[in-house]
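Right, one structure below, let's go through it.
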Amino acid sequence: MTIRAILAGVAGLAMTVAGLQTAAADDVVKVGLILPMTGPFASTGRQVSAGAKTFMAKHGATVGGKTIELVIRDDGGVADQTRRVAQELVVNDGAAILAGFGLTPLAMSVAPVSTQAKVPTIVMAAGTASITKASEFITRTSGTLPQYSLPVGTWASQNGIKSVVTLVSDYGPGLDAEKWFTKEFTSKGGTVTEAVRVPLQNPDFAPFLQRVRDAKPDAVFVFLPSGVGSLFMKQFNERGLADAGIKLIATGDVTDDDILNSMGPSAIGTITGHFYATSHDSPENKAYVEAFKKENDGMRPNFMSVGGYDGMALIYAALEKTGGDASGPAFMEAVKGLSWTSPRGPVSIDPETRDIIQNIYVREVKEVDGELHNVEFATFEALKDPEKAEAP
Ligand code: DHB
């Protein structure tokens with residue numbers, strides 16, 4: 001054989017292999033799941049990915065005639081990494097859908113990629129209201145801070161709390177929480193005497209808690225991202241705020257089910273608002289908790305895991321509707337108005353904003369069968385994100 005013939009043969013083979021790969025790729029929808037699997041927010045990555053895997057273990061990997069392939073990538077919680085990994089997934093690995101996003105800045109960094117490549121992007125964890133406005137290809141299965149902070153303001157105003165100091169992490173979701181708790185609480189006659197903001201990275205709450213103690217409000221309203229609540233609760237007790245008669249009210253991120261049980265009895269009595277509690281009483285949630293624990297060595301599922309589970313539910317329902325078409329415009333059209341029963345209760349995707357509409361529950365930390373739980377006692381039904389209702 002001449003060199004030319006060999007080269008022609010190799011080229012032909014290469015073309016055949018490429019052809020086969022394209023054919024195989026046509027049957028596969030690759031979902032790039034980008035999460036902080038390492039670093040200070042690794043618990044978010046662990047929970048979201050476990051929720052997504054639990055969904056696939058239950059429903060299989062085929063939908064709309066396609067095989068779903070989940071590719072999990074770690075961004076370490078660093079926004080530059082999130083964007084780089086997203087670009088790689090889309091350009092080199094042929095990912096048709098991007099998902100995950102453990103913190104607001106990580107989700108925001110990907111929005112330009114979503115828009116330019118027209119890639120459906122499912123935010124499963126981050127909660128700043130404005131994220132879904134950053135690209136028309138973004139939808140969300142977690143929740144928004146305005147959505148689950150407002151009901152805490154309502155509860156406080158109806159339960160004898162007159163003065164509050166707010167204490168939030170100083171970035172997107174914290175500012176949303178501060179704004180919407182305050183707006184609701186003050187419109188119902190309450191007073192916010194001070195708004196304290198703490199750094200997101202490596203927070204030491206002691207000096208801030210001292211300020212709260214000195215201000216002597218009836219209650220302190222808190223938002224901190226998932227995983228940080230344990231340290232806060234410890235310092236809250238060490239500074240003697242509970243002994244000073246200052247009640248702790250918060251978003252459910254603070255009494256995150258992933259860490260709540262290790263917080264100890266001082267967490268008992270904390271009132272929070274959120275979209276999911278492990279103890280949510282429904283047949284769907286019982287089945288979910290059981291399946292999740294079985295898949296994940298007995299780990300307790302928190303709200304992040306449900307964002308991951310429902311993110312996959314959304315992807316499957318949309319692909320079912322489009323007959324397996326994951327292209328941006330078709331997929332996003334299919335997402336609008338989707339509704340299903342989540343472990344958290346009934347949910348739907350607002351066709352106008354692509355954000356999730358869901359129940360928000362007011363809960364109290366209680367000991368149940370020797371474990372600490374967020375026990376739901378009031379429901380705000382089918383809440384839309386209030387920030388977008390105000391400024392669409
Ligand atoms: C965000 C992160 C969290 O861990 C959380 O519980 C809520 C919001 C965020 O960065 O958007």
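Odds and ends about this structure:
- Nearest-ten-degree value, helix 229-238 long axis tilted from longest Cα axis of the chain: 20
- With contributions of -39500 (n - 2.57) from each DSSP H run of at least four residues, the per-residue ellipticity at 222 nm computed over the chain stands at -13500 deg cm²/dmol.
- D by Stokes-Einstein for the range 35-142, Kirkwood Rh over Cα pairs, 20 °C, 1.002 mPa s: 154 µm²/s.
- Ratio of Rg to Rh over the range 302-383 (Cα coordinates, Kirkwood Rh, two decimals): 1.10
- Relative exposure of HIS373, HIS274, HIS280, HIS59, judged by other C-beta atoms within 10 Å (fewest first): HIS59, HIS373, HIS280, HIS274
- Above-threshold pairs, the threshold being 26 Å between Cα atoms, out of LYS133/LYS321; LYS247/LYS366; LYS30/LYS388; LYS247/LYS384: LYS30/LYS388; LYS247/LYS384
- Kirkwood-type hydrodynamic radius, the range 142-226: 12.8 Å, calculated from all non-identical alpha-carbon pairs.
- With respect to the chain, whose longest principal axis is taken over its alpha-carbon atoms, helix 104-117 is tilted by about 30°.
- Of the residues ILE246, ILE356, the one with the fewest other Cβ atoms within 10 Å heads the list, and the complete ranking is ILE246, ILE356.
- Near VAL91, once Lys and Arg are set to +1 and Asp and Glu to -1 for all other residues with Cβ below 14 Å from its Cβ, the sum equals +3.
- Cα-based shape type of the range 61-124, given that a ≥ b ≥ c are square roots of the gyration tensor eigenvalues and the cut on a/c is 1.5: prolate
- Helix 283-295 and the longest principal axis of the Cα set of the chain meet at an angle near 70°.
- The chain, dipole about Cα centre (Lys/Arg Cβ +1, Asp/Glu Cβ -1), debye to the nearest 20: 360
- Overall size of the range 237-276 from C-alpha positions, given as principal axis extents largest first: 30, 19, 13 Å.
- Calculated on the Cα set of the range 98-198, radius of gyration then Dmax: 15.8, 52 Å.
- Positive-end residue, the chain charge dipole about Cα centroid, Cβ charges, pick of LEU200, PRO225, ILE161: LEU200
- Relative contact order computed over the chain (Cα-Cα under 8 Å; 6+ residues apart), in percent: 17
- Taken over the range 169-275, the ratio of Cα radius of gyration to 2.2 N^0.38 Å equals 1.00.
- Listed cross-link partners LYS293/LYS336; LYS188/LYS216; LYS53/LYS286 are compared with a 26 Å cut-off, the Cα-Cα value being larger for LYS293/LYS336.
- In order through the range 355-360: 3J(HN,Hα) via Karplus (6.51 cos²θ - 1.76 cosθ + 1.60), integer Hz, x for Gly, Pro: 9, 7, 9, 7, 6, 10
- Considering only GLN201, GLN147, GLN358, the Gaussian network model of the chain with Cα springs below 10 Å gives its largest mean-square fluctuation to GLN201.
- Mean projection area, nm², convex hull over Cα of the chain: 20.9
- Sorted by Cβ neighbour density within 10 Å, fewest at the top, the residues TYR361, TYR316: TYR316, TYR361
- Mean shadow area of the range 26-87, taken as a quarter of the surface of its Cα convex hull (nm²): 4.5
Read-outs: derived from the displayed coordinates by stated rules, not from any lab. Just so it is clear, the structure is predicted and the values come from calculations on it, not from any experiment. Cβ sites come from the backbone with ideal geometry, for glycine too, and all protein chains shown count toward neighbours.
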